[in-house]
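The values are calculated or read from the model by the stated rules, or taken from the named source; none is laboratory data. None of these values were measured; they are calculated from a predicted model. All Cβ positions, even for glycine, are placed from backbone atoms using ideal geometry, and neighbour counts span all protein chains on display. Heavy atoms of the whole protein, side chains included, go into the accessibility calculation; ligands, DNA and RNA do not. Shrake-Rupley method; radii C 1.70, N 1.55, O 1.52, S 1.80 Å.
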Amino acid sequence: MILTVNNVSFSYGKVDALHHVNLRIKQGQTLCVMGPNGSGKSTLIDTILGIHTPKEGTILLDGKDLSQFRREEIAKHVAFIPQTHGITFPYTVEEAVLMGRTAYTGMFRAPSQQDRQLCQEALLRVGILELKDRPYRELSGGELRLVLLARALCQKAPLILMDEPTAHLDYRNEMRFLEILCQLCIRDGIAVLLATHSPEHAFYLESRGVDTEALFLKKGVPIRMGRPENVITEDVLADVYGVKARILSEDGQRAIMLQRSL
C-alpha cells in the first residue's frame, strides 16, 4: 500500500480540523476527497506532507511511519500540486519542472544530464515540450497546471497529492488535465489523492477505468467512503453540501444536476 492513514486527527489549537480519518491508496488508484470549504481537505493533504503532526493516529508511506522520514525523503515518495502557486522569479518552464529534482540534487547543485532527461520526458508526457523555453510567468492557467503536473512527474514519486488542480480552468483544460490523470493512473501506476469540489471528477475517472474511490469530509469528519457509484448519492450531496441535486446516468457516464440549495 502506497499510503495508509490510520485514525488520524488534527487540531489547530482548540479547533478540531480532522477527526479519526482512515484511508488507503494503492498503486494506480485515485482517491477523490470531497467536501465544502473548511471540511479539512487541505489540512489532510498538509498532514500527509508532514507539514502538520497528527494529534492522534499514524500515516504510513510504503509501510513506513511518516515521522521516520526526513523532509527530503518525503519528497521522494510524495509529490504535490498546490491549488495556487505564486510566481516569484523569471524561470523558464524547463527550470520550473527541474525543481521536481530538488529532493535528489539539493537546492544548489546543478541538474545532471539524467535530471534534464527526466524533465524532457515529463514535459513530453503532459504534452507541453514545446513550452520548455517559455517564461513561466507568461503561461495561461491551463498551461501552468500542466507545468506543475510535469514537475510532479519529474519528481518520480509514486504518489501525487493534488489540491483542487482544475480550479479556475476552462472546460477544455479541465478535460485535458483529467485525461492525462487517467493515463498516469492506468498506464504508469501512479497513485493520486485528489482534493476536489466536483464529485463529477470521481464519476469521470471511474467511467474511464481508473480504480477510483471517493471520500466525503464534513467539518473534518469522514462521512462516506467507497466507490463513487455507491457513495456519491443525492442524499449524501444534500447532507454534505446542503444542495438538492439529481444524479443522471447515460451510456455509463454519471452527471450531477444541481437544483437548489437547502
Using bins 5 angstrom wide from zero, how does P(r) for the stretch 25-166 break down, in % of all Cα pairs? 2, 9, 18, 21, 20, 15, 10, 5, 1, 0
Lysine pairs in the chain with Cα distance under 27 Å, only those 8 or more apart or on different chains: how many are there? 29
Using the Kirkwood radius over Cα pairs, work out the Stokes-Einstein diffusion coefficient for the stretch 31-110 at 25 °C and 0.890 mPa s, in µm²/s as a whole number. 165 µm²/s
The chain, helix-only ellipticity at 222 nm - DSSP H runs n ≥ 4, -39,500 (n - 2.57), divided by all residues, nearest 500: -10000 deg cm²/dmol
Diffing the stretch 198-211: the Karplus 3J(HN,Hα) column from phi (6.51, -1.76, 1.60, θ = phi - 60°), in whole Hz with x for Gly and Pro, holds 10, x, 5, 4, 5, 4, 5, 4, 4, 5, 9, x, 6, 5
Per q in 0.11, 0.17, 0.24, 0.26 Å⁻¹, report the Debye log10 I(q)/I(0) for the stretch 169-262, using one uniform scatterer on each alpha carbon and no solvent. -0.33, -0.80, -1.38, -1.46
Of the peptides 232-238, 16-22, 210-216, 65-71, how do they stack up when ordered by the mean number of other Cβ atoms within 10 Å, highest first? 210-216, 16-22, 232-238, 65-71
Rounded tilt (10° steps) of 113-125 against the dominant C-alpha axis of the chain: 40 degrees
Under-5 Å amide H pairs with CYS32, H placed in peptide plane, nonlocal only: LEU194, GLU213, ALA214, LEU215
Percent RCO, i.e. relative contact order, over the chain, from Cα pairs under 8 Å lying at least 6 residues apart: 25 percent
Checking ALA103, ALA75, ALA150 against a Gaussian network model of the chain (alpha-carbon springs below 10 Å), the top fluctuating residue turns out to be ALA103
Would you tally the net charge around ASP16, using a Cβ to Cβ cut-off of less than 10 Å, leaving ASP16 out, and scoring K and R as +1, D and E as -1? +3
Treating the stretch 96-207 as a set of equal point scatterers at the Cα positions, no solvent, please give the Debye-formula log₁₀ I(q)/I(0) at q = 0.12, 0.18, 0.21, 0.22 Å⁻¹. -0.42, -0.93, -1.23, -1.32
With θ taken as phi - 60° and the coefficients 6.51, -1.76 and 1.60, list the Karplus ³J(HN,Hα) couplings across the stretch 257-262 in order, rounded to whole Hz; mark glycine and proline as x. 10, 6, 10, 6, 7, 10
In terms of the alpha carbon gyration tensor, root eigenvalues a ≥ b ≥ c, rounded if a/c is under 1.5 and otherwise prolate when a/b exceeds b/c or oblate, the stretch 147-212 is oblate
Among ALA96, ALA202, ALA245, which one shows the biggest mean-square fluctuation in a GNM of the chain, springs joining Cα atoms closer than 10 Å? ALA245
P(r) weight above 25 Å for the chain, C-alpha pairs, percent: 45 percent
The stretch 18-172: relative contact order from alpha carbon pairs under 8 Å, six or more residues apart, as a whole percent, is 30 percent
The stretch 6-72 - percent of accessible surface contributed by carbon and sulfur, probe 1.4 Å: 46 percent
